[in-house]
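The values are calculated or read from the model by the stated rules, or taken from the named source; none is laboratory data. Treat the numbers as computed from the prediction; the structure is a model and nothing was measured. Cβ placement follows ideal geometry from the backbone for every residue including glycine, while neighbour counts extend to all protein chains displayed. Accessible surface is based on the protein model in full, side chains and every heavy atom, while ligands, DNA and RNA are left aside. Shrake-Rupley method; radii C 1.70, N 1.55, O 1.52, S 1.80 Å.
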Amino acid sequence: MEEWFVDETYTEPDSEAAKEPAWQRALFMIGFWFLGNIAFSLSILLGAVQFVVVLVTGNKNEELGRFSGRLIAYVWECLAYITYRQDEKPFPFGKFPEEKE
């Protein structure tokens, strides 16, 4: 398995966070699906902006790249919550993720 798939925030299914009612989890899953889609779309848009920046300047914008990395990590956290890979809720209930390398 690739190194970037490893998540240190993985929680076991029998943890305290897993004991929330199923209907409540379903509502959070819908919300994080919505937020994850927004973040995914924004990251695609930022990829296009980064492409234009490279065409114009010849160099990547490092700040834009770091923010894109954080967005990608957030999309991953949303998917991890939706698929029961982790039980801790992503941002805005937790902190916004740092860029994964």
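Could you tell me how many of the residues in the stretch 80-93 are out of contact with any helix residue (DSSP H, G or I) (no Cβ under 7 Å at 6 or more places or on another chain), open to solvent by less than 90 Å² (accessible area, probe 1.4 Å) and assigned to a loop (DSSP other than H, G, I, E, B)? Spell out how you get there, then give the answer.
Residues of the stretch 80-93 out of contact with any helix residue (DSSP H, G or I) (no Cβ under 7 Å at 6 or more places or on another chain): 80, 83-85, 92-93.
After this cut, where a residue has to be open to solvent by less than 90 Å² (accessible area, probe 1.4 Å) as well, the list is 80, 85, 92.
Cutting the leftovers down to assigned to a loop (DSSP other than H, G, I, E, B) gives us 85, 92.
Of the residues in the stretch 80-93, 2 are out of contact with any helix residue (DSSP H, G or I) (no Cβ under 7 Å at 6 or more places or on another chain), open to solvent by less than 90 Å² (accessible area, probe 1.4 Å) and assigned to a loop (DSSP other than H, G, I, E, B).
Restricting to the stretch 18-63, give me the number of residues that are part of a helix (DSSP H, G or I) and either within 16 Å of THR83 (Cα to Cα) or not β-branched (Val, Ile, Thr) (or both).
32
Just give me the residues in the stretch 47-101 being touching a residue at least 40 places away in the same chain (Cβ under 8 Å) and at positive phi, in sequence order.
The one that is touching a residue at least 40 places away in the same chain (Cβ under 8 Å) and at positive phi: TYR84.
With (1) modelled with pLDDT under 95; (2) surrounded by 14 or more Cβ atoms within 10 Å (Cβ to Cβ); (3) out of contact with any helix residue (DSSP H, G or I) (no Cβ under 6 Å at 6 or more places or on another chain) as the list, and VAL53 as the residue in question, which single condition is left unmet?
Going through (1) modelled with pLDDT under 95; (2) surrounded by 14 or more Cβ atoms within 10 Å (Cβ to Cβ); (3) out of contact with any helix residue (DSSP H, G or I) (no Cβ under 6 Å at 6 or more places or on another chain) one by one, VAL53 breaks only (1).
Check GLU99 against each of (1) open to solvent by less than 50 Å² (accessible area, probe 1.4 Å); (2) under 13 Å from the mean Cα position of the chain (by Cα); (3) modelled with pLDDT under 90 and name the one condition it does not meet.
Answer for GLU99: the failing condition is (1).
Does at least one position in the stretch 64-79 carry a residue that is open to solvent by less than 90 Å² (accessible area, probe 1.4 Å), part of a loop (DSSP other than H, G, I, E, B) and modelled with pLDDT under 95?
Scanning the stretch 64-79 turns up no residue that is open to solvent by less than 90 Å² (accessible area, probe 1.4 Å), part of a loop (DSSP other than H, G, I, E, B) and modelled with pLDDT under 95.
Taking the condition open to solvent by 80 Å² or more (accessible area, probe 1.4 Å) and aliphatic (A, V, I, L, M), does LEU45 pass?
Yes; evaluated as a whole, the condition is true for this residue.
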